[in-house]
Amino acid sequence: MERLRSVAVLGATGLVGREMIKTLEERDYPVSKLRALASPRSAGSKIVFRGTEITVEAVSEESFKNIDIALFSAGGSTSKKWAPVAVGSGAVVIDNSSAWRMDPDVPLVVPEINPWDATGHKGIIANPNCSTIQAVVALWPLHKEAGLRYVNICTYQSVAGTGIKAVETLKNEAEALLAGKEIPDGGVYPHQIAFNLLPHIGAFDEEGISEEEWKMVNESRKIMHLPELKVSGITVRVPIFRCHGESVTAQFENELAPEKAKEILRNAAGVVVMDDPKNEVYPMPITGAGKDAVYVGRIRKDTGLNNALSMWVVSDNLRKGAALNAVQIAELL
Ligand code: A2P
């Protein structure tokens, strides 16, 4: 018989936290008790789980007593502080922040790729970055066939990845500009995001590479156990509310025909191929928003590199890019 689990969600009032609770409900995860945790700011507010109101509590030393699984999505510093407390109370933490991802003692797991890594956890399992997850779900089955050598990933990332305040910023700026007004103060980005593109996600290092770009490099290598894989690209924030798009060019050891790649991807876990461009069939953010799959289209021979394919990969950054992947890890456990 399936054992019921007591589950805590830290960041329960945030975009990803709410999606985690919705995903637990939709996938009928065997929850005996759900504890909704956030900062003192939202203590006392209510969330609904399986038709029952649950009161949000401020996270504290007592929060993780008798909790089996703690899903975290409350930012890196909150995670650094509270994950050891949760583990000390006997919970397994599945953490959506970047705080633990590159720690050699912490598995970084995408269940379609490296589920066995989860078994080696010491209390914390990290959920990868949203852009990395959708790229590797599409690349892994092709790697198994032809051997990945180099991948270039250029991202078109929605504002939901930055959190609730970014969604409000895009809405407020778009409304103001359409009304012929100045954009309001208080936005979360260094520049206007409405009707604009920001080639800037996370801080830049001395060589001009952003944190998000390093996540793509380092996390892809760790998840696929390919420490030598060459990865490049640019990460860009776009004025889309939810769901990321990515232009992916992959070079392989062996030749891989586009038709063969399509067949492999049609049979791959978590992937939906939408590829009939002459009939205007390809995935878009409006295709993926609110859905679970990683959608792949525009699969074609790369026009510049040998043994290389280019493709367009779309997935909801709050679902497979965050909440769904975390709940799938909980299901593995
Ligand atoms: P709160 O709503 O109380 O601020 P998002 O990424 O969508 O902005 O959501 C961030 C989530 O992380 C929210 O649930 C937020 O709670 C929570 N959070 C942020 N800082 C803390 C903190 N210091 N302690 C606990 N939860 C936090």
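The values are calculated or read from the model by the stated rules, or taken from the named source; none is laboratory data. Note that this is a predicted model, so its numbers are computed, not measured. Neighbour counts are summed over all protein chains in view; Cβ atoms, including those assigned to glycine, are modelled from backbone coordinates with ideal geometry.
Criterion first (surrounded by fewer than 15 Cβ atoms within 10 Å (Cβ to Cβ) and closer than 19 Å to Ile133 by Cα) does Gly297 satisfy it? Outline the logic, then answer.
Numbers: surrounded by fewer than 15 Cβ atoms within 10 Å (Cβ to Cβ): no; closer than 19 Å to Ile133 by Cα: yes.
For Gly297, the condition - surrounded by fewer than 15 Cβ atoms within 10 Å (Cβ to Cβ) and closer than 19 Å to Ile133 by Cα - is not met.
Could you please tell me which pairs satisfy a Cβ distance under 8 Å, a separation of 6+ or placement on different chains, a first residue in the range 63-91 that is within 23 Å of Leu324 (Cα to Cα), and a second residue that is part of a loop (DSSP other than H, G, I, E, B) and modelled with pLDDT under 95?
Close Cβ pairs satisfying both conditions: Ile69/Leu333.
Glu211: within 17 Å of Thr155 (Cα to Cα) and touching a Lys or Arg at 6+ places or on another chain (Cβ under 7 Å), yes or no? Talk me through it step by step, then tell me what you get.
Numbers: within 17 Å of Thr155 (Cα to Cα): yes; touching a Lys or Arg at 6+ places or on another chain (Cβ under 7 Å): no.
Considered against the rule, which asks whether it is within 17 Å of Thr155 (Cα to Cα) and touching a Lys or Arg at 6+ places or on another chain (Cβ under 7 Å), Glu211 comes out as no.
With Val151, Val110 as the choices, which residue is touching a strand residue (DSSP E or B) at 6+ places or on another chain (Cβ under 8 Å) and either under 19 Å from Ala250 (Cα atoms) or not assigned by TED's automatic domain parsing to the domain that holds Trp312 (or both)? Step through it out loud before you land on a result.
Numbers: Val110 fails: touching a strand residue (DSSP E or B) at 6+ places or on another chain (Cβ under 8 Å).
Selected residue: Val151, the only one of Val151, Val110 that is touching a strand residue (DSSP E or B) at 6+ places or on another chain (Cβ under 8 Å) and either under 19 Å from Ala250 (Cα atoms) or not assigned by TED's automatic domain parsing to the domain that holds Trp312 (or both).
Select, from Ile193, Ile201, the only residue that is over 29 Å from Leu309 (Cα atoms) and at pLDDT 95 or above. If you could, list the steps in order and put the result at the bottom.
Working: Ile201 fails: over 29 Å from Leu309 (Cα atoms).
None of the other options fit; the residue is Ile193.
Return the total of residues in the range 61-85 being in a loop (DSSP other than H, G, I, E, B) and either more than 10 Å from the ligand (Cβ to nearest atom) or aliphatic (A, V, I, L, M) (or both). Explain how you work it out, then say what you get.
At the first step, the residues of the range 61-85 found to be in a loop (DSSP other than H, G, I, E, B) are 61-68, 73-75.
With either more than 10 Å from the ligand (Cβ to nearest atom) or aliphatic (A, V, I, L, M) (or both) added as a condition, the list becomes 61-62, 64-68, 74.
Residues flagged as in a loop (DSSP other than H, G, I, E, B) and either more than 10 Å from the ligand (Cβ to nearest atom) or aliphatic (A, V, I, L, M) (or both) within the range 61-85 amount to 8.
Looking only at residues in the range 1-26 that are part of a strand (DSSP E or B) and of a type in the set (A, V, I, L, M, F, W, C), which one is farthest from the ligand (Cβ to nearest atom)?
Residue satisfying both the conditions and the ranking: Val7.
For Glu255, which of the numbered conditions (1) at positive phi; (2) of a type outside the set (A, V, I, L, M, F, W, C); (3) outside any strand (DSSP E or B) fails to hold?
Among (1) at positive phi; (2) of a type outside the set (A, V, I, L, M, F, W, C); (3) outside any strand (DSSP E or B), Glu255 violates only (1).
Scan the range 44-54 for residues that are within 14 Å of the ligand (Cβ to nearest atom) and surrounded by 16 or more Cβ atoms within 10 Å (Cβ to Cβ) and jot them down.
In the first step, residues of the range 44-54 are kept if they are within 14 Å of the ligand (Cβ to nearest atom); the result is 44-47, 54.
Listed by number, the residues that qualify are Ile47, Ile54.
Can you say whether Ala36 is within 14 Å of the ligand (Cβ to nearest atom), closer than 24 Å to Arg242 by Cβ, in a loop (DSSP other than H, G, I, E, B) and touching a strand residue (DSSP E or B) at 6+ places or on another chain (Cβ under 9 Å), as far as the supplied structure shows? So that I can check it myself, show each step before the final result.
Values: within 14 Å of the ligand (Cβ to nearest atom): yes; closer than 24 Å to Arg242 by Cβ: yes; in a loop (DSSP other than H, G, I, E, B): no; touching a strand residue (DSSP E or B) at 6+ places or on another chain (Cβ under 9 Å): yes.
Spelling it out, it is not the case that Ala36 is within 14 Å of the ligand (Cβ to nearest atom), closer than 24 Å to Arg242 by Cβ, in a loop (DSSP other than H, G, I, E, B) and touching a strand residue (DSSP E or B) at 6+ places or on another chain (Cβ under 9 Å).
Just to be sure, is Pro84 surrounded by fewer than 20 Cβ atoms within 10 Å (Cβ to Cβ) and more than 20 Å from Gly123 (Cα to Cα)?
Taking the combined requirement at face value, the residue does not satisfy it.
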